[in-house]
Amino acid sequence: MYYILKPLLLALLSLTISSTIYAQSSITPIPKTLSYDKEQALLGKKLFQDPILSKDGSIACSSCHNLTTNGASKTPFSFGIKGKETKVNTPTVFNSVFNFVQFYNGRAKTLKEQAIQGMSEPTHIDITIKDVVAKLKTSSYEKSFQQIFNDGLTQENFLSVIVEFEKALITPNSKFDNFLRGDTTVLNSQEKKGYKEFQKDGCINCHNGVNIGSNMYQKMGLFVPYRAEKTVNGRYDITNRERDKFVYKVPSLRNIADTAPYFHDGGAKTLSDAVIKMYEHQLGKKVTKKEVSNIVAFLKTLSAPKPKILEEGTK
């Protein structure tokens with residue numbers, strides 16, 4: 001009997017610990033401004049959208065992290081050079097500066113590490129930083145770096161401009177941010193009900209903090225096993241610990257209405273579908289149509305105008 005109940009007991013223990021640690025954690029508004037080097041960020045913006053960064057010159061970072069829409073991909077999986085399909089859904093790059101780690105399995109601790117690892121991934125743009133710098137030294141970009149840095153184009157300076165651009169990709173002006181700042185009239189009654197249900201039912205135990213997520217790991221399929229579109233093992237691929245199988249970084253809910261499909265495998269096509277599946281797999285509860293409608297209404301208040309730097313010219 002113990003072996004039958006063990007998975008459920010472990011799930012309950014995990015949820016209890018999570019609740020104890022995070023239940024009182026608040027959701028905080030995104031800072032209205034964040035310090036970054038604008039000159040570097042604008043150069044990083046140009047490079048982020050230039051196919052010159054890929055091994056074969058065919059795609060840019062923005063080919064998957066679409067800056068004109070949501071900073072993510074509109075498809076379950078993205079396609080790198082030579083049409084290679086990614087292993088997981090492409091998350092938004094917006095507000096990634098607030099993530100406690102990068103990638104679903106947390107293999108990068110900083111934006112700089114994310115840039116290095118993301119670029120060298122064979123299913124992405126498949127190039128090393130060393131080779132990127134060598135390519136850029138034969139282009140007009142070398143002069144741009146010389147204008148900004150005393151030592152010109154180096155690996156560190158290349159990474160710096162990419163990171164400064166990503167630091168600028170914040171979206172601080174959602175309806176919900178204004179609500180958190182004290183404007184209690186900005187949300188309608190259904191949106192407020194959705195927020196209360198979001199808290200009452202335990203969603204906030206994992207989705208909290210400034211990014212409403214992306215500040216802890218959690219198992220996908222805590223109560224009911226989740227069958228992913230592709231077999232990926234989450235943190236297990238990094239740690240080789242059995243307990244880390246199917247454990248992922250909790251995704252941010254910022255701008256969530258604009259980043260379908262959802263989950264690491266793109267397995268939920270709509271917000272309603274995502275809410276229903278989260279209640280089943282993560283909370284072990286059934287959710288009514290009314291509750292789904294209310295929570296979806298709340299989640300839509302997390303959408304905000306695009307980052308201001310995207311409206312600014314590139315030097």
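Looking at (1) modelled with pLDDT of 50 or more; (2) surrounded by 14 or more Cβ atoms within 10 Å (Cβ to Cβ); (3) farther than 28 Å from residue 308 by Cα, can you tell me which one residue 56 breaks?
(2)
Looking only at region 271-315, which residues are acidic (Asp, Glu), part of a helix (DSSP H, G or I) and out of contact with any Phe, Trp or Tyr (no Cβ under 9 Å at 6 or more places or on another chain)?
If the condition is that a residue be acidic (Asp, Glu), part of a helix (DSSP H, G or I) and out of contact with any Phe, Trp or Tyr (no Cβ under 9 Å at 6 or more places or on another chain), then 311 is the only one that fits.
Within region 169-191, is even one residue more than 28 Å from residue 33 (Cα to Cα) and modelled with pLDDT of 95 or more?
So far as region 169-191 goes, yes, one or more of its residues are more than 28 Å from residue 33 (Cα to Cα) and modelled with pLDDT of 95 or more.
Under the condition of being over 19 Å from residue 229 (Cβ atoms) and among the polar types (S, T, N, Q), which residue from region 273-315 is nearest to the chain's Cα centre (by Cα)?
303
Regarding residue 97, is this residue of a type in the set (A, V, I, L, M), within 22 Å of residue 247 (Cβ to Cβ) and surrounded by 14 or more Cβ atoms within 10 Å (Cβ to Cβ)?
no
Does residue 251 qualify as being closer than 30 Å to residue 42 by Cβ and part of a loop (DSSP other than H, G, I, E, B)?
In short, yes.
Please identify the pairs in which a residue from region 179-205 that is closer than 30 Å to residue 217 by Cβ has its Cβ atom under 6 Å from the Cβ atom of a residue that is in a loop (DSSP other than H, G, I, E, B) and among the small types (Gly, Ala, Ser), counting only partners at least 6 apart or on another chain.
Short answer, once both residue conditions are applied: 205/23.
Within the set of pairs 6 or more residues apart or between chains, which connect a residue that is surrounded by 18 or more Cβ atoms within 10 Å (Cβ to Cβ) inside region 61-85 to a residue that is assigned to a strand (DSSP E or B) and charged (D, E, K, R) with Cβ atoms less than 6 Å apart?
77/85
Any idea which of (1) farther than 25 Å from residue 106 by Cα; (2) in contact with a strand residue (DSSP E or B) (Cβ under 9 Å, 6 or more places away or on another chain); (3) not charged (D, E, K, R) is the one residue 214 doesn't satisfy?
Against the list (1) farther than 25 Å from residue 106 by Cα; (2) in contact with a strand residue (DSSP E or B) (Cβ under 9 Å, 6 or more places away or on another chain); (3) not charged (D, E, K, R), residue 214 comes up short only on (1).
Which one of 255, 215 is closer than 25 Å to residue 75 by Cβ and in contact (Cβ under 8 Å) with a residue 40 or more places away in the chain?
Testing whether each residue is closer than 25 Å to residue 75 by Cβ and in contact (Cβ under 8 Å) with a residue 40 or more places away in the chain leaves just 255.
Results for (1) out of contact with any Phe, Trp or Tyr (no Cβ under 9 Å at 6 or more places or on another chain); (2) modelled with pLDDT under 90; (3) over 24 Å from residue 254 (Cα atoms), shown as yes or no for each residue.
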| site | (1), (2), (3) |
| --- | --- |
| 19 | yes, yes, no |
| 33 | yes, no, no |
| 42 | no, no, no |
| 104 | no, no, no |
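Looking only at residues in region 170-210 that are in contact with a Ser or Thr (Cβ under 6 Å, 6 or more places away or on another chain) and closer than 22 Å to residue 281 by Cα, which one is surrounded by the most Cβ atoms within 10 Å (Cβ to Cβ)?
It comes out as 205.
Has region 62-70 got at least one residue that is in a helix (DSSP H, G or I), assigned by TED's automatic domain parsing to the domain that holds residue 131 and hydroxyl-bearing (Ser, Thr, Tyr)?
Scanning region 62-70 turns up at least one residue that is in a helix (DSSP H, G or I), assigned by TED's automatic domain parsing to the domain that holds residue 131 and hydroxyl-bearing (Ser, Thr, Tyr).
So which pairs qualify, if the first residue must be in region 298-311 and of a type in the set (Lys, Arg), the second must be modelled with pLDDT of 95 or more, the Cβ gap must be under 7 Å, and the two must be at least 6 apart or on different chains?
Here the result reads 300/257; 306/171, each pair linking region 298-311 to a residue that is modelled with pLDDT of 95 or more.
Would it be correct to say that residue 234 is in contact with a strand residue (DSSP E or B) (Cβ under 8 Å, 6 or more places away or on another chain) and in contact (Cβ under 8 Å) with a residue 24 or more places away in the chain?
Considered against the rule, which asks whether it is in contact with a strand residue (DSSP E or B) (Cβ under 8 Å, 6 or more places away or on another chain) and in contact (Cβ under 8 Å) with a residue 24 or more places away in the chain, residue 234 comes out as yes.
Given the condition more than 13 Å from residue 106 (Cβ to Cβ) and touching a His at 6+ places or on another chain (Cβ under 8 Å), answer yes or no: does some residue in region 253-261 qualify?
Yes: one or more hits.
The values are calculated or read from the model by the stated rules, or taken from the named source; none is laboratory data. All values reported here derive from a predicted model rather than from experimental measurement. Using ideal geometry, Cβ is built from the backbone for each residue, glycine included, and neighbour counts are taken over all protein chains shown.
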